[in-house]
1. Just to be sure before I move on: is ALA290 closer than 18 Å to ALA63 by Cβ, modelled with pLDDT of 85 or more and in contact with a Cys (Cβ under 7 Å, 6 or more places away or on another chain) in the structure I sent?
2. Could you give every pair whose Cβ atoms fall below 6 Å, whose first residue belongs to segment 211-232 and is in contact (Cβ under 8 Å) with a residue 60 or more places away in the chain, and whose second residue is among the hydroxyl-bearing types (Ser, Thr, Tyr) and assigned to a helix (DSSP H, G or I), counting only separations of at least 6 or pairs across chains?
3. Looking at ALA61, ALA96 in this structure, which one is surrounded by fewer than 21 Cβ atoms within 10 Å (Cβ to Cβ) and among the small types (Gly, Ala, Ser)?
4. What are the residues in segment 302-324 that are more than 18 Å from GLN56 (Cα to Cα) and either touching a His at 6+ places or on another chain (Cβ under 6 Å) or of a type outside the set (A, V, I, L, M, F, W, C) (or both), if any?
5. Working only within segment 162-196, note down all residues that are aliphatic (A, V, I, L, M) and either exposed (fewer than 11 other Cβ atoms within 10 Å of the Cβ) or modelled with pLDDT under 90 (or both).
6. For segment 115-129, which positions are under 20 Å from the mean Cα position of the chain (by Cα) and free of Cβ contacts under 8 Å to residues at least 60 places away in the same chain?
7. Which of the residues spanning segment 281-323 are under 13 Å from SER263 (Cβ atoms), aliphatic (A, V, I, L, M) and within 15 Å of the chain's Cα centre (by Cα)?
8. Restricting attention to segment 229-261, report how many residues are over 23 Å from PHE154 (Cβ atoms) and buried (at least 22 other Cβ atoms within 10 Å of the Cβ).
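The values are calculated or read from the model by the stated rules, or taken from the named source; none is laboratory data. As the structure is a computational prediction, the values presented were derived from the model and not from experiment. Cβ sites come from the backbone with ideal geometry, for glycine too, and all protein chains shown count toward neighbours.
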Amino acid sequence: MHLKNRNKRHIKLLVNYLLGPLLFAWLAYSIYQQLMSQPNLAASWKHTRQTFGTSQIWLLALALFLMLLNWGIEAVKWQLAVRRVQAISYFTACKAVLSGVSFSVTTPNRVGEYLGRILYMKEGSRLKAISLTIAGSISQLIITLMMGCVGLLFLRSEIEAAQLLSGFWYELILYGTITISAVLTLFYFKLSWLVKWLDRLPGSRRYAWLIESLEQFDATILLQLLSLSAIRFIVFMAQYYLLFRLFEVSISWWQCYWCISISFLVMAAIPTIALFTDLGLRGTVTLKLAGLFSSNQLGIGLAAASIWFINLIIPALAGSLLILGIGRIFRKKETITEKNT
């Protein structure tokens, strides 16, 4: 017991005084390196300064507001998903989501997000919350795949005319994505099957408690999560459209919607690390697709970089600072425990 308490104190010290500052410093340095390595940096910076001096700056302000709305909706999603194992306030959900972003930007396809979020759960609920968080992520992936499929259908002639994909690869990607979407949607609405199937596997009973809460997900909750994911997707599209307008990219709303839907599909399919490879891939894919409708490559690149900075880097920096506050949570719990004993 004494050894266990000692280990817990070491973990608390690590989180309180080391993890947050290190993560913040690492993020700041990595962002600087990533920005310095961008091509045409001088021209981009000049264009950005000119943009800030125009009357269109309200477009940037609105894109920033939509970032808050975006992560606010994600907090509602997570609050809804984990309430089966622990009821949390909306404010706590917001802090958990931002902390998750700070962990996710340095891990492939943002899997570190789960670690950052469960820090705000009680000890007995943390591992259970992972499966519920994954269910929420699946709802977002389903929307991304579906919208990507529709985007491929709408922009087929433009994609083939620009020779971005041959007919064979287009058909393969389209029907492959439709198949994956259908299977994933069926799996999503039948999560209870997974629990029952795993329960039959030899030796799996000891881990059944980790996912048993998935059985409590009824169709109503799953549809709510899916609806919130769809709203988030529209918010993403609105941000891109606003920033395209800000950087004078001539593109209609629907052209923007479908080309960015396809770019999200590509981003979901290719493993990336948000802090290091996400910006490069995001910029390349967006240039190819938005370039079907506009020749303003600098504006397209600036819009993609702005989305990366607004939606990932600002929340990640905020989340790394919030992690410092987790120490207060641990200390408060420790004080309560000592009083009770």
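1. Working: closer than 18 Å to ALA63 by Cβ: yes; modelled with pLDDT of 85 or more: yes; in contact with a Cys (Cβ under 7 Å, 6 or more places away or on another chain): yes.
In short, yes.
2. Taking only residues 6 or more apart or on different chains, the pairs are ILE211/SER131; LEU214/SER131; LEU225/SER139; LEU226/SER139; SER229/SER139.
3. Values: ALA96 fails: surrounded by fewer than 21 Cβ atoms within 10 Å (Cβ to Cβ).
From the options ALA61, ALA96, the qualifying one is ALA61.
4. Across segment 302-324, the qualifying residues are ASN311, PRO315, GLY319, SER320.
5. Going through segment 162-196, the residues aliphatic (A, V, I, L, M) turn out to be 162, 164-165, 172-174, 178, 180, 182-184, 186, 191, 194-195.
ALA162, LEU164, LEU165, VAL183, LEU186, LEU191, LEU194, VAL195 - these are the residues of segment 162-196 that are aliphatic (A, V, I, L, M) and either exposed (fewer than 11 other Cβ atoms within 10 Å of the Cβ) or modelled with pLDDT under 90 (or both).
6. Those that are under 20 Å from the mean Cα position of the chain (by Cα) and free of Cβ contacts under 8 Å to residues at least 60 places away in the same chain: LEU115, ARG117, ILE118, MET121, ARG126, ALA129.
7. ILE307
8. So the first thing to find is which residues in segment 229-261 are over 23 Å from PHE154 (Cβ atoms), and the list is 246-248.
Checking which are buried (at least 22 other Cβ atoms within 10 Å of the Cβ) leaves us with 246-247.
Adding up the residues that qualify gives 2.
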